[in-house]
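Read the structure below first, then the notes.
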């Protein structure tokens, strides 16, 4: 009876700013504020796919201008420029070499939507060039890179937002507040079934580099190799030298919500992962079926199951399990269920959540609120104003990296959260970082 009364109290009392629930001792103020009327000039890196959404969202904002589009494929640039010009009225310049963008003092912000293996280096170079950064998930290709990104952001006092846009969604903020206030009791496990059927992209062959493609720049930090026709646009996700598989592709969104709900501020200490690549005759190296479990020092568990074939028995979502019931977050709503009979309890849709979160960056669609939150923090110079600071992105990405490390090693991984090193496994430790191809090297001291 007490638990039911408490849940009613939580519902009636409403919820506060869930985005502040993760504020920790690292939250500090930055430099002096920028005027609301000052135009923030943005460069977008990587325009094939998610980058187009970056450019569109920034171009639509008041006193924000997309002044540069950077991509190693010149074939993509004309349309990208025209799309931005239709929105903001002015045409951005173009560049193929991110180093020149980072050196451009006319640009205040770099928005990174490139391949995973470029995220960290581009972010660090931009920070060193005096820029604030919005970087897509996963923020890093490996754990060591993520730590260097955090170090760079702190050293140079820059605003760095992770592309974890769920942090700016009212329905997710409402779910987190409900969970943190004890709505389903003590949360001990988060379970994430992720269903995303993907077809084969076949066997590739070595070909000449397509005209207009700057392949050496595309390779960047990754090893030297010839151009292979099915390892370029998007398919780079499925090869270990440039991507992190489905776990690293979509996993950071869900891992971030898992640790947010569990209120875990350190890394998991144990990881196991099994799976494989099934059905297709294909060059893909990463698994299309993968089942991973992470455990924290507290004993709390995160389970992430990737199903890349045609099993739709359970749709993707996030299940937060507590001692009194569970909360299911799927799409634009969440619902609760209690006891052995799974009796329905409290619920909330995105529209309902907006009435309680109208001051928490809920304008726009397609991730718009998250981009707006970033620009607001760029103006305020206060890291605490960010909904997804780079440290949160590093912690979420590292969960995915640990899963993949356990999968690739085919054994349980034990991890020291303080030193960010694998315990007693030198071979697995090699996957914490990589060898970098000169001159695309992340330095020991950023």
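Just so you know, all these numbers are worked out from the coordinates, no wet-lab data involved. These numbers were taken from a predicted model, which means no experiment stands behind them. Every residue, glycine as well, gets a Cβ built from its backbone with ideal geometry; the counts of neighbours run over all protein chains shown.
Could you compute the FRET efficiency for residue 444 and residue 281, with r as their C-beta to C-beta distance and R0 at 41 Å, rounded to 0.05?
0.45
For residue 341 and residue 354, calculate 0.36 nm times their separation in residues minus their Cα-Cα distance, and state this gained length in nm to one decimal.
1.6 nm
Between residue 86 and residue 106, what FRET efficiency follows from the Cβ-Cβ distance if R0 is 25 Å, with the result rounded to 0.05? Provide the component values of the computation, followed by the final result.
Numbers: r = 23 Å, r/R0 = 0.90.
Efficiency computed from Cβ-Cβ geometry: 0.65.
I'd like the distance between the alpha-carbon centres of the stretch 100-166 and the stretch 223-264, rounded to an integer number of Å.
The distance from the Cα centre of the stretch 100-166 to that of the stretch 223-264 comes to 17 Å.
Report the full-extension gain for the segment residue 206 to residue 99: residue separation times 0.36 nm, less the Cα-Cα distance, to one decimal in nm.
Gain on stretching residue 206 to residue 99: 35.7 nm.
Over the stretch 21-164, what is the relative contact order in percent, taking alpha-carbon pairs closer than 8 angstrom and at least six residues apart?
21
Give, to the nearest whole percent, the P(r) tail of the stretch 21-164 beyond 20 angstrom, counting all Cα pairs.
That fraction is 45 percent.
Provide Rg over Rh for the chain; use the alpha carbon set for both Rg and the Kirkwood Rh (inverse mean inverse pair distance). Kindly include the intermediate steps, with their values, before the conclusion.
Numbers: Rg = 21.6 Å, Rh = 22.5 Å.
Using only Cα positions, Rg/Rh for the chain is 0.96.
Determine the relative contact order of the chain: mean sequence separation of Cα pairs under 8 Å and six or more apart, normalised by residue count, in whole percent.
Dividing the mean separation by the residue count of the chain yields 21 percent.
Report the dimensions of the stretch 279-341 along its three principal axes from the alpha-carbon atoms, largest first, rounded to Å.
46, 31, 22
What nm distance separates the two modelled labels at residue 427 and residue 225, each placed 7 Å from Cα along Cα→Cβ?
In this crude label model, residue 427 to residue 225 measures out at 2.1 nm.
Starting from the Cα of residue 39, step 7 Å toward the Cβ, then list every residue of the stretch 86-103 with an amide N under 16 Å from that point.
86-94
What FRET efficiency, computed as 1/(1 + (r/R0)^6) with R0 = 41 Å and r the Cβ-Cβ distance, is obtained for residue 298 and residue 234, rounded to the nearest 0.05?
0.65
Given the -39500 (n - 2.57) contribution per DSSP H run of 4+ residues, what per-residue ellipticity at 222 nm results for the chain, rounded to the nearest 500 deg cm²/dmol? Don't jump to the answer; show the numbers that get you there.
Values: 14 runs with 143 residues, N = 446.
Computed mean residue ellipticity for the chain: -9500 deg cm²/dmol.
Take the Cα of residue 199, step 7 Å along the line toward its Cβ, and report every residue of the stretch 236-254 whose backbone nitrogen sits under 15 Å from that point.
none
Testing the spin-label approximation: label points 7 Å from Cα along Cα→Cβ at residue 330 and residue 216. State their distance in nm.
Going from the residue 330 label point to the residue 216 one covers 5.1 nm.
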